[in-house]
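Structure first, commentary second.
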Amino acid sequence: MLMIAVTDIHGDLKSPWKLAETIKDMERKPDAILIAGDITNFGTSKTAEEVLKPFLGLKIPVVAVHGNCDGRDVPEYLETLGISAHDRRVEVGGVGVVGIGGSNVTPFHTIWELTEDEIWGILRRNYHPGDVVLSHAPPYGTKVDLTRSSFHVGSRALRKFIEDNRPPLVVTGHIHEARGVDRIGNTLIVNPGPLFRGYYALIDIAEQKVLLMHL
C-alpha cells in the first residue's frame, strides 16, 4: 500500500494544489493521503475547505486529524467530510488507521491540546494490532520530536504505546524542524516535514520504505 503523508499546511493554498498536480502525474497513484494536522494556522473551516479542495478532488481516500493550531470548527468540519480519524479507527484499503488530533500539552496554550492520559485513552480505545497511527504530536525521544533548541517535546504516552504494541507505522508532524524518519523497535516513525514549505513523504507500508520528498 502506497501512502502520501503530509502535515503542517498552516493555511497555505499553493502547496496543496502543487502536490495534487504532482500526484496526478505519478505513474503509481497512492492508495491514500494521510494528513497529520495543522491544516490551518488558527483558521476556520472555510480555510480548511480551501486547503483540502485539491486533495479531495483527486478521488483518492483522504484520512486526516486536526492539529493544535487548527481553529475550533475544523475538527467538526473534518467529520462532516467523513475524513476525520481523531479518536476513532478508520480503514483504507484494508489498513486500519487510528488518529490523534491536537498535541500533547505545550507551553503556548494552543487550541487543541491533550493530556498524556487522554492520548493513551484514544489509543487504547481504538487501536487494533497492525493499525497505522496518525498523530499530529510525535512520540517522545525520537529524531522527529527534537526542537531546534535540542529539546524532545513529543508525547510520552504515544512512545509507551508504541513500545508496548509495535504498530507498523506512525505518521506525525507538529515539529517543523524535525522532518525525518526514525524507528522505535520495528515501528517506522515518519515526520514528512511541513507542506507549507513543500515537504511531503511517500510511504510504502508493505516494503517499509519511505521517501522524503520536496515539491
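We did not get these values from a lab; they are worked out from the coordinates using the rules stated. As the structure is a prediction and not an experimental result, all values here were calculated from the model. Because the Cβ atoms are built from the backbone with ideal geometry, glycine has one as well, and the counts that use them run over all protein chains shown.
Using only side-chain charges placed at the Cβ, +1 for Lys and Arg and -1 for Asp and Glu, the dipole size of the chain relative to its Cα centre rounds to 360 debye. Each part reduced to its alpha carbon centroid, the range 1-26 and the range 115-150 end up 23 Å apart. For the range 138-155, 3J(HN,Hα) computed residue by residue from phi via the Karplus equation (6.51, -1.76, 1.60; θ = phi - 60°) reads x, x, 5, x, 10, 5, 9, 10, 8, 6, 4, 8, 6, 9, 8, 10, x, 7 Hz, glycine and proline entered as x.
Shape verdict for the range 93-215, please, from the Cα gyration tensor: rounded (a/c under 1.5), prolate (a/b greater than b/c) or oblate. Oblate.
Highest mean packing comes first when the peptides 41-47, 88-94, 132-138 are listed by Cβ atoms within 10 Å, giving 132-138, 41-47, 88-94. Beta bridges per DSSP, both residues in the chain: antiparallel share near 45 percent. Centre-to-centre, using Cα atoms only, the range 162-186 and the range 29-86 are separated by 21 Å. The alpha-carbon of Lys46 sits under 15 angstrom from the alpha-carbons of these aspartates and glutamates, leaving out residues fewer than 8 places away in its chain: Asp12, Asp38, Asp70, Asp73, Glu76, Glu79.
Shown for Phe196, Phe151: other C-beta atoms within 10 Å of each C-beta, ranked fewest to most, produce the order Phe151, Phe196. Quick check on the range 54-95: take the gyration tensor over C-alpha atoms, sort the square-rooted eigenvalues as a ≥ b ≥ c, and tell me if it's rounded (a/c under 1.5), prolate or oblate. It comes out oblate by the Cα gyration axes. For the range 201-207, backbone phi angles converted through the Karplus equation (6.51, -1.76, 1.60; θ = phi - 60°) give residue-by-residue couplings of 9, 9, 10, 9, 5, 4, 8 Hz, Gly and Pro being listed as x. Estimated from helical segments only, the mean residue ellipticity of the chain at 222 nm is -7000 deg cm²/dmol, where each DSSP H run of four or more residues counts as -39500 (n - 2.57). Near the amide H of Gly180, within less than 5 Å, lie the amide hydrogens of Asn191, Gly193, all on another chain or at least 5 residues away, with H placed in the peptide plane. If you take the square roots of the eigenvalues of the alpha-carbon gyration tensor of the chain and sort them as a ≥ b ≥ c, do you get rounded (a/c under 1.5), prolate (a/b over b/c) or oblate? It comes out rounded by the Cα gyration axes.
Report the charge-dipole magnitude of the range 87-215 in Debye, nearest 20, computed about the Cα centre from +1 at each Lys and Arg Cβ and -1 at each Asp and Glu Cβ.
Values: 14 positive and 14 negative charges, 39 e Å.
So the magnitude is around 180 debye.
The ellipsoid that matches the Cα gyration tensor of the range 19-120 has semi-axes, each √(5λ) in whole angstrom, of 25, 17, 11, with the longest given first.
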